[in-house]
Amino acid sequence: MKSIINYFKEIFSGLKSLVKGMSVTGHYITHPKEIITQQYPENKATLKMFERFRGEVVLLHDENNEHKCTGCSACEVACPNGTIEIIPKRIEIDGRKVKAIDQFVYHLQMCTMCGLCIPACPTDAIVMANTFEHAVFDRSKLTKILNKPGSKIMDGIK
Amino acid sequence: MNNEEIKQFILDHVAEAECMEGSQFLQVTIPAEKILSLASELKANPNTSFDYLFCLTAVDRPDHMEVVYHLKSTTHNHQFVLKAKINTRENPEIETVCHIWRTAELHEREAYDLFGIKFLNHPDLRRLLLTDDWEGWPMRKDYDDPINMIAY
Amino acid sequence: MEEIIHDQELESKEYFINMGPQHPSTHGVLRLVLSLDGEIIRKVEPHLGYIHRSIEKMCEHDSYQQIVHLTDRMDYLSCHINNEAVCLAVEQALELEVPDRVKVIRTIIDELTRLSSHQLWWGVMGMDLGAITSFLYGFRDREMITDIFEETCGARLTMNYNIPGGLFFDIHPNFQKRTKDFIAYFKKKLPEYDTLLSNNVIFKQRMDGIGKLSKEDAISFGVTGPTGRASGFSCDVRKHHPYMAYDRVEFKEILDTKGDCFARYKCRIAEMWESMHIIEQLIDNIPEGDYKVPTKAVIKLPKGEWYQKVETARGEFGVYIISEGQRSPYRLKFRSPGFSNLSALDHMARGCKIADLVAIMSTLDLVIPDIDR
Amino acid sequence: MNWLYDFSILTQSIHESLSGNFESGTVLLLEMILAGVAFMILFALLGLVLVYAERKVSAFFQQRLGPMRVGFWGTAQTLADVIKLLMKEPLMNKNADKFLFNLAPYIIMIAAFMAMASLPFAKGLQALDFDIGLLYISAVSSLGVVGILLAGWSSDNKYSLIGALRSGAQIISYELSVGLSLLTIVVLTGSLQLSVIVESQANGWWIFRGHIPAVIAFIIFLIASTAETNRGPFDLAEAESELTAGFHTEYSGMKFAFFFLAEFANMFIVSAIGATVFLGGWMPFHIGGWEGFNNVMDYIPPIVWFFGKVGFMIFMMMWFRWTFPRLRIDQLLTLEWKYLLPVNLMNILVMAFLVLMGWHF
């Protein structure tokens, strides 16, 4: 007799647990306000990344098209993946030959966004930007030259 | 048991063991031939009962190979590092411990895969991480892979 | 006639199935070769290495700061804890004492990482058993933690927030508020996990008594983390070798003795409560101070060797550094919890059905990059 | 507007106009073609609507929005998917049994068609009204498993084979429960003819009139029919986390779409049977004595009632699917042989006793 009671108890407790489980999903279908989907390209205007988000390395330029990079290669050394390549050149400032950058080459395809290059920079020339849409149609487009054409080093940066 | 007692215990069993108080654990180096007898003793003896092998790895030294066993006892809560020194780099061989600590089976396969150390009597000694037709032992210091070079 | 009868007798013959490298329940590129007798599993043989990147070899050429970011890519679900292992080893070797503030922040983020990892595990676990809805609920809650990470650490998954000697940045001003909000929110949502899956009769029956692992086997296989603790193996590094702020918080080590899938499941759910408990104790008491101690640009460890273990969401993660005094380690070994946990899979799955293997795998909570390295 | 309430007027007029123009053999042929075309259109529409509904319902269960991009609120999503599936390359394993491999999806579709033929959609809207209609449907709807078994066998894939065998064991077992739970109501109606079953519920649906045994039978039917359609917690034949995709692992393109469509068609069929037998088919909801209320209910066309009830059943099945984890094969058989079948047998006895004593309403 006991086993028969247990048998029915089992059925009822089983059914009860199933109904309870269904109540959880049932709660969400009756509360459409709790939908968490974000429709990405449509909400672009309101979408804001957190300021510390590491998207890609950029070389800061001011309004005079001047940057702070001296070409010291500290970031190149700090980078674990060989993402940054500094091609230096010699320029003349006040009659002295000084090392400067010719091209600041940045291989986005190799970057792991670890951010080690940022604190390595002695002049705070590079920062991490918040951009996150890096998809391009051609891999070669991922190799970027960060210093803008015609830009030069800011005065007083050594 | 404290480090001193473990040291004494090992010296009783393997006279030629070299002990060193490392920065963290007691490090004991023994010849590779002695590993099986010492390991079974360390596991079986109720005073030591090192039943938990939490790390097994190999080190490639300039003139010899080492297999490093990090041992811990879950009952006595003491731990130490056992190093088995294999005197050759050409064709290193050592007895397996995988029937003493079963976790060693995969760890030894990994060590074989990356260092080329042959674990004798291992039930299934094959390449683990690399493909079966891989040539060479990548974690050795003299391994040269011109295709997948690390850029420096 | 006899011959014909003999021919027609049903002989059971073992056959093989390749589960993976592309398979919905292997969570990555793990390949299991199953020997099957009907649906009963006779043998499971893992074939690894599909995403082997030889991180240990790469570490032999990298500076210690750079090694830290490589550990992100191993167990990506507990990346912060992995980072911490390397940082702790380096700090120990350099005999650096990090400020209290760093210790507390690291502990909080450790526990947040553990929570987010367990949330993902819970979702994926449900999905492996066919309850796809749990996957989205798990991710919904995890999203809040990744937002906290993104705001403070600058990335959602591979955060690289630890550096030898401290942290990359100080915490964001919103960090405490967000974390408290999350704890309040998740305390309401976690019972929902129980009603949806844990108490479900189908779920219970699928997990109960499946994939048993005894305590002796767990120790012998080196199975750690919630998986080992469900078998009664007291292996919580946070308790046995406290690091960071774990010696000043009060928490329980979740232990079970049954060692089956359901015990492992319950252990992880209980661990989520414990993690929230730890965070609650610390979040209001972050001491003031520096967020890092200055280190040299080129860190050179003295000659010697160090082994540092930490408790990741999957178990005991160890870093074994042998230094010869150079800027890179002479040899560096990562003892990854998944690797040892996986070795017990064959032992646990023999005699089970294919559906059980899926349950066992998801309660082992394997992360394949962690195993392959 | 009268034809909306009684389709026999419409069908009769079509029949008469055809009879006036052709001889009887041609009329029969033309009518068969007409009915066939109508069912095909219904089939396609069902596929489109149900796939969309499944996606949306599952999305709302999971706090998502579901398809939103193609058409208004993603309504054209299924259409886009059909086009995609049509353009896909039909691949086949080298060692697959080509004939059976190609045959399998059609068998499943044909089984679904045959079952659908005898469903009473509304008054007078029924292609075949056998006097053993219920028996016919339960016989035909289990034919689909032949297609699944063939698909699994001929694919030359072990995953498919395991899935097919699982499905075989499952459907053979659950066919029993479906049949017995339907029989419980047949005890009440005393007829297997679907139109008679529907007519007998004019004064109230059997689920209300049959006391608790009818409710139990309904619950059992709901569980067993979900299992019979290989859905929800019983989708062992597919079991995507264990067997990748089970019996249709190797299918692609349009042949895969047939399996996909058949799943939804089967879901519709079992829901329709359930709605017909337990919930009164196209009969409106009546409460004895409330004349005004009953008149309002009568005003809603029967076809709306029918599809509403079917929709309710389908929604329940979706709810199961998106809540529960999948059963293991031994659990599945335990559930059937240890729980559903004994309860069902007992239930049928109780029902027979009730009917014998005349205690039902």
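The values are calculated or read from the model by the stated rules, or taken from the named source; none is laboratory data. Keep in mind that what you see is a predicted model, and the values were worked out from it rather than measured. Don't worry about glycine lacking a Cβ; one is built from the backbone with ideal geometry, like all the others, and counts go over all protein chains shown. These area figures cover heavy atoms from the full protein model, side chains too; ligands, DNA and RNA do not enter into them. Shrake-Rupley method; radii C 1.70, N 1.55, O 1.52, S 1.80 Å.
A few points about this structure:
- Only a single item in (1) within 12 Å of chain B (Cβ to nearest Cβ); (2) in contact with a Cys (Cβ under 6 Å, 6 or more places away or on another chain) is not met by C:P226, and it is number (1).
- Among the candidates D:I185, D:I197, D:I162, residue that is open to solvent by less than 40 Å² (accessible area, probe 1.4 Å) and within 20 Å of D:M114 (Cβ to Cβ): D:I197
- For the stretch A:103-158, a residue qualifies if it is part of a loop (DSSP other than H, G, I, E, B), β-branched (V, I, T) and over 18 Å from the mean Cα position of the chain (by Cα), and the qualifying residues are A:T123, A:I157.
- Scan of the stretch D:165-182 for residues that are under 18 Å from D:I132 (Cα atoms) and open to solvent by less than 50 Å² (accessible area, probe 1.4 Å), ordered by number: D:E175, D:V178, D:G179, D:L180, D:S181, D:L182
- Against the test of being small (G, A, S), more than 14 Å from chain C (Cβ to nearest Cβ), within 28 Å of C:Q65 (Cβ to Cβ) and open to solvent by less than 80 Å² (accessible area, probe 1.4 Å), the options A:A74, A:A100 yield a single qualifying residue, A:A100.
- Screening the candidates A:K44, A:K48, A:K9, A:K33 for the property of being more than 22 Å from A:Y106 (Cβ to Cβ), of a type in the set (K, R) and part of a loop (DSSP other than H, G, I, E, B) yields one hit, A:K48.
- Taking the criterion of being at positive phi and at the interface with another protein chain (Cβ under 9 Å from one of its Cβ atoms), the residues of the stretch A:107-130 that qualify are A:M113, A:G115.
- Selection from the stretch C:243-273 of residues that are surrounded by fewer than 21 Cβ atoms within 10 Å (Cβ to Cβ), among the acidic types (D, E) and in a loop (DSSP other than H, G, I, E, B): C:E250, C:E253, C:D256
- Summed over the stretch D:236-261, residues that are open to solvent by 30 Å² or more (accessible area, probe 1.4 Å) and touching a residue at least 40 places away in the same chain (Cβ under 8 Å) total 10.
- Residue in the stretch C:137-148 that is basic (K, R) and facing another protein chain (nearest Cβ under 9 Å) present: yes
- Of all the residues in the stretch B:1-57, those that are open to solvent by 30 Å² or more (accessible area, probe 1.4 Å), at pLDDT 80 or above and of a type in the set (G, A, S) number 3.
- Verdict on A:V105 being within 30 Å of D:R69 (Cβ to Cβ), at pLDDT 85 or above and either among the β-branched types (V, I, T) or open to solvent by less than 30 Å² (accessible area, probe 1.4 Å) (or both): no
- Matching entry among B:R102, B:R126, B:R109 (being within 14 Å of chain C (Cβ to nearest Cβ) and surrounded by fewer than 12 Cβ atoms within 10 Å (Cβ to Cβ)): B:R126
- Selected residue (criterion: most open to solvent (accessible area, probe 1.4 Å)) from residues of the stretch C:32-61 that are acidic (D, E) and at the interface with chain B (Cβ under 9 Å from one of its Cβ atoms): C:E45
- Members of the stretch C:164-178 that are touching a helix residue (DSSP H, G or I) at 6+ places or on another chain (Cβ under 8 Å), within 11 Å of another protein chain (Cβ to nearest Cβ) and part of a loop (DSSP other than H, G, I, E, B): C:F168, C:F169, C:I171, C:H172, C:N174
- For the residues C:I299, C:I283, C:I278, the requirement of being open to solvent by less than 10 Å² (accessible area, probe 1.4 Å) and at pLDDT below 85 singles out C:I299.
- Residue count for the stretch C:199-237, restricted to those that are open to solvent by 10 Å² or more (accessible area, probe 1.4 Å) and under 18 Å from C:M272 (Cβ atoms): 1.
- Test for D:M32: is it modelled with pLDDT of 85 or more and either open to solvent by less than 40 Å² (accessible area, probe 1.4 Å) or more than 14 Å from chain C (Cβ to nearest Cβ) (or both): no
- Some residue of the stretch D:117-131 being under 20 Å from the mean Cα position of the chain (by Cα), under 16 Å from D:A262 (Cβ atoms) and in a helix (DSSP H, G or I): yes
- Yes/no for C:F168 being open to solvent by less than 30 Å² (accessible area, probe 1.4 Å), on the phi < 0 side of the Ramachandran plot and at pLDDT 85 or above: no
- Residue check, D:P325 touching a helix residue (DSSP H, G or I) at 6+ places or on another chain (Cβ under 8 Å), crowded, with 21+ Cβ neighbours inside 10 Å and in contact (Cβ under 8 Å) with a residue 40 or more places away in the chain: yes
- Those residues of the stretch C:284-319 which are within 14 Å of chain B (Cβ to nearest Cβ), β-branched (V, I, T) and out of contact with any Gly (no Cβ under 9 Å at 6 or more places or on another chain), in sequence order: C:V319
- Qualifying positions in the stretch D:171-211 - without any contact (Cβ under 8 Å) to a residue 40 or more places away in the chain, hydrophobic (A, V, I, L, M, F, W, C) and either within 20 Å of D:V350 (Cβ to Cβ) or part of a loop (DSSP other than H, G, I, E, B) (or both): none
- All conditions but one from (1) open to solvent by less than 40 Å² (accessible area, probe 1.4 Å); (2) outside any helix (DSSP H, G or I) apply to D:M267; the one that does not is (2).
- Every test in (1) at negative phi; (2) touching a strand residue (DSSP E or B) at 6+ places or on another chain (Cβ under 9 Å) is passed by D:W290 save one, and that test is (2).
- Tabulated pairs, the stretch D:62-85, first within 14 Å of chain C (Cβ to nearest Cβ), second part of a helix (DSSP H, G or I), C-beta under 6 angstrom, 6+ apart or interchain: D:Q62/C:T133; D:Q62/C:L136; D:Q63/A:Y28; D:Q63/A:E34; D:L65/D:A59; D:G66/D:R55; D:G66/D:K56; D:G66/D:A59
- Test for A:I91: is it surrounded by 14 or more Cβ atoms within 10 Å (Cβ to Cβ), more than 14 Å from chain C (Cβ to nearest Cβ) and in a strand (DSSP E or B): yes
- Any hit, the stretch C:342-351, residues being open to solvent by 20 Å² or more (accessible area, probe 1.4 Å), of a type in the set (D, E, K, R) and closer than 21 Å to B:T103 by Cβ: yes
- Residue check, B:N91 more than 15 Å from the chain's Cα centre (by Cα) and either closer than 25 Å to B:Q8 by Cβ or not in a loop (DSSP other than H, G, I, E, B) (or both): no
- Some residue of the stretch D:153-167 being within 24 Å of A:L15 (Cα to Cα) and of a type in the set (A, V, I, L, M): no
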